[in-house]
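Below you'll find the structure, written out as structure tokens, and then a few comments.
The values are calculated or read from the model by the stated rules, or taken from the named source; none is laboratory data. Remember, it's a predicted structure, so these values are computed and weren't measured experimentally. We place every Cβ from the backbone using ideal geometry, glycine too, and count neighbours over all the protein chains shown.
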């Protein structure tokens, strides 16, 4: 809730994009290169940094981050990844 209050829906969307990047990454971890993540998502690095660091939604060590939700989110992403969406 506080993510949406502070960053509106843009923060929520970035959060889910980051989870998808983590899902596709080795060991479900990403380098903490906010410029690179921002480039991939076409979002300002400051927004990426805020989503990752300000809301305790990710575990960040010196060089890598991972989500704090563990297997619960991983299983949901696996189920949703196999679902085909029509537009």
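Things to note:
- Selection status of residue 19, touching a strand residue (DSSP E or B) at 6+ places or on another chain (Cβ under 7 Å) and either farther than 16 Å from residue 60 by Cβ or surrounded by 14 or more Cβ atoms within 10 Å (Cβ to Cβ) (or both): yes
- Taking the range 22-87 as the region of interest, the helices (runs of 4 or more DSSP H) fully inside it that hold 2 or more residues being modelled with pLDDT under 80 are 71-81.
- Qualifying positions in the range 22-47 - under 20 Å from residue 7 (Cβ atoms), in contact with a strand residue (DSSP E or B) (Cβ under 7 Å, 6 or more places away or on another chain) and in contact (Cβ under 8 Å) with a residue 40 or more places away in the chain: 22
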